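Okay, structure first, notes after.
The values are calculated or read from the model by the stated rules, or taken from the named source; none is laboratory data. Quantities reported herein were computed from a predicted structural model and do not represent experimental measurements. A quick note on method: Cβ atoms are made from the backbone with ideal geometry, for glycine too, and the neighbour counts reach across all protein chains shown. Side chains are part of the model used for accessible areas, which takes the heavy atoms of the whole protein and leaves out ligands, DNA and RNA. Shrake-Rupley method; radii C 1.70, N 1.55, O 1.52, S 1.80 Å.
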Amino acid sequence: MADKLHVSLVTPEATLFEGEVDQVVAPGSEGEFGVLANHAPFMTTLAEGPVVILDGDIRRVFQVRGGFADVSEDGMTILAEQAEEYLETVH
Amino acid sequence: MASLKDMRNQIGSVKATQKITKAMQMVAAAKLRKAQDSAQNARPYAQKMAAVIANLAKGIIGDSAPAMLVGTGSQHNQLVVVATGDRGLAGGFNTAIVRAARDFINAELKAGRDVRIITIGRKARDQLKRTFADRIIESYEAGSKSPTMAVVRPISEKIAAEFNDGRADVVTLFYSRFQSVISQVPTAKRLIPADIDLSIVQDTHGAVYEYEPSEEEILEVLLPRNLSVQILSSMLENNAGFYAAQMSAMDNATRNAGEMVNALTLKYNRSRQAQITKELIEIISGAEAL
């Protein structure tokens, strides 16, 4: 089984998501990027947009505003000033 | 001596007060639980933020470091931010914070520095207005609901503006650290230059961090945001501390009222009996005289 990426999405009000996932796609200020397990240490500011968390068949989308993503060997941390999950309609 | 009716009224009014303090204690207890939860929920964000800043700061301490991180090199213009609750009836909670701030301000003034004040919470404004009215540049209310980013943002923007315009070199925040339900400690937290704990820097095992955009640019966005986060977490701790202090103050008041009711009831019964005895003596000696 492939390695999993530990990701936590925190806002000042609460921790919105924490867990092991396959992949995270986030809107970096210099372009959208995807993070898999064992990514090189990396840090960026985030633009306003959706953070997509993918794990198997599960797909969760959070709209974030103003924040940072920090990828270290412990996993990925997204610090968002504001974030909320939006529920996608399934086609 | 007070008549029996007066004493009855007094007992009644103490009992009514006791009911109010009891109700306030229970309300404070319920609100305390919620305030503690939100203070706890905010902690991971603040911790991660501190870790990220420490990580960045370690790499670029030097000439290129932004002033908000390392300070302007001067200590002259002090900006003091004092955060208390809006309301009282919480024992010495607000007063303790204000006293700590006032001691600090007096010491800075003695050292010949210029001090200006921003207050958060009505009590801070009311108490500091007496002595430092001309030094208060802005007052905010803490709000009755749990503080949010929306409440904090104008405050941190004001502080950042003061700093960027060169009207403040050092910014210190006074609030009450929530140690436990029975102990809240008035605390000074330095906001600018940022107080960085380098011990929390993660060891990357030689791996090189990549930054996008550059470290300096990230810090420039991150530091003002860190201001907001620091203020928010202080206000959340204040909020929890306020309800804890109010709860124990009201618990004391309820207990004191109970003791007072007991003492008054005893006194009332004694005087009632004394009066009955007196009346009996009067009747008996009246009958004997016949």
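For the range B:112-124, give me the residue count where each residue is among the hydrophobic types (A, V, I, L, M, F, W, C) and under 16 Å from B:Ala168 (Cα atoms).
Summing the residues that are among the hydrophobic types (A, V, I, L, M, F, W, C) and under 16 Å from B:Ala168 (Cα atoms) in the range B:112-124 gives 3.
Does B:Arg125 meet the test of being under 19 Å from the mean Cα position of the chain (by Cα) and open to solvent by 10 Å² or more (accessible area, probe 1.4 Å)?
Criteria met by B:Arg125.
Within the range A:59-91, take every residue that is touching a residue at least 40 places away in the same chain (Cβ under 8 Å) and touching a Phe, Trp or Tyr at 6+ places or on another chain (Cβ under 6 Å) and give me the one that is farthest from the other protein chains (Cβ to nearest Cβ).
A:Glu85
Which one is surrounded by the most Cβ atoms within 10 Å (Cβ to Cβ), of the residues in the range A:39-58 that are among the aliphatic types (A, V, I, L, M) and within 14 Å of another protein chain (Cβ to nearest Cβ)?
Checking each candidate, the answer is A:Leu46.
Quick check, is B:Leu264 crowded, with 22+ Cβ neighbours inside 10 Å and at pLDDT 85 or above?
no
Condition check: β-branched (Val, Ile, Thr) and within 14 Å of chain A (Cβ to nearest Cβ). Does B:Val52 satisfy that?
For B:Val52, the condition - β-branched (Val, Ile, Thr) and within 14 Å of chain A (Cβ to nearest Cβ) - is met.
Of the numbered conditions (1) open to solvent by 60 Å² or more (accessible area, probe 1.4 Å); (2) under 16 Å from the mean Cα position of the chain (by Cα), B:Asn106 fails exactly one; give the number of that condition.
Every listed condition holds for B:Asn106 apart from (2).
One line per residue, one yes/no per condition, for (1) open to solvent by 20 Å² or more (accessible area, probe 1.4 Å); (2) modelled with pLDDT under 95; (3) touching a Cys at 6+ places or on another chain (Cβ under 9 Å); (4) not basic (Lys, Arg):
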{"site": "B:Glu217", "(1), (2), (3), (4)": "yes, yes, no, yes"}
{"site": "B:Gln230", "(1), (2), (3), (4)": "yes, yes, no, yes"}
{"site": "B:Gly241", "(1), (2), (3), (4)": "no, yes, no, yes"}
{"site": "B:Thr254", "(1), (2), (3), (4)": "no, no, no, yes"}
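Within the range A:5-33, track down each residue that is charged (D, E, K, R) and assigned to a loop (DSSP other than H, G, I, E, B).
A:Glu13, A:Asp22, A:Glu30
Hey, among the residues in the range B:70-88 that are closer than 30 Å to B:Met247 by Cβ and surrounded by 16 or more Cβ atoms within 10 Å (Cβ to Cβ), which one's modelled with the lowest pLDDT?
Per the stated criteria, the residue is B:Gly88.
Of all residues in the range A:59-76, which are under 16 Å from A:Asp3 (Cβ atoms) and either open to solvent by less than 40 Å² (accessible area, probe 1.4 Å) or not in a loop (DSSP other than H, G, I, E, B) (or both)?
Answer for the range A:59-76, where residues must be under 16 Å from A:Asp3 (Cβ atoms) and either open to solvent by less than 40 Å² (accessible area, probe 1.4 Å) or not in a loop (DSSP other than H, G, I, E, B) (or both): A:Val71, A:Ser72, A:Gly75, A:Met76.
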